[in-house]
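Written below as structure tokens is the structure these notes are about.
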Amino acid sequence: QVQLVESGGRLVQAGGSLRLSCAASGRTFSMLHMGWFRQAPGKEREFVASILGSGLSTTYAESVKGRFTISRDNAKNTVSLQMNSLKPEDTAVYYCAARLFSSVVYDYWGQGTQVTVSS
């Protein structure tokens, strides 16, 4: 099994930056594709960004492209989300997720970390 723990969420002013981190344990980290999702109050959970196990390929939602950057450090078993030029609409609980190479869906999820962007 895989355990994921997010950290770094806080209150930040619009236009500011924030870096979220996710620590993974339970199995070989390099064998996992990783992703970030978010859920705002009253809305469905949405995809934010993903990164392959090698770290060489990334994908972003159009709403965050150019502002957010996902990265991973396989030596430290961590994945990060650097968020710049934050907007109030970025306010949400952010979740770290993982899937095996053989899986089409994300099977493992963290507890979430709250990001609040004030005007």
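A few points about this structure:
- Search result, residues across the stretch 23-47 that are farther than 18 Å from residue 93 by Cα and crowded, with 16+ Cβ neighbours inside 10 Å: 24, 29, 32, 33
- Residue check for residue 68: among the aromatic types (Phe, Trp, Tyr) and open to solvent by 40 Å² or more (accessible area, probe 1.4 Å): no
- Among the residues of the stretch 1-17, the ones that are open to solvent by less than 50 Å² (accessible area, probe 1.4 Å), within 19 Å of residue 111 (Cβ to Cβ) and of a type in the set (Gly, Ala, Ser) come to 2 in all.
- In the stretch 59-77 there is at least one residue matching the filter, namely being more than 14 Å from the chain's Cα centre (by Cα), among the charged types (D, E, K, R) and farther than 23 Å from residue 15 by Cα.
- Yes/no for residue 20 being modelled with pLDDT of 95 or more, open to solvent by less than 20 Å² (accessible area, probe 1.4 Å) and of a type outside the set (Val, Ile, Thr): yes
- Scanning the stretch 95-118 for residues that are small (Gly, Ala, Ser) and closer than 22 Å to residue 82 by Cβ, we see that the one that is most open to solvent (accessible area, probe 1.4 Å) is 118.
- Of all residues making up the stretch 48-58, the number that are within 12 Å of the chain's Cα centre (by Cα) and loosely packed, with under 13 Cβ neighbours inside 10 Å: 0
The values are calculated or read from the model by the stated rules, or taken from the named source; none is laboratory data. For clarity, every value in this text was computed on a predicted model and none was experimentally measured. Cβ sites come from the backbone with ideal geometry, for glycine too, and all protein chains shown count toward neighbours. Just so you know, the surface numbers come from the protein's heavy atoms only, side chains and all, with ligands and any DNA or RNA stripped out. Shrake-Rupley method; radii C 1.70, N 1.55, O 1.52, S 1.80 Å.
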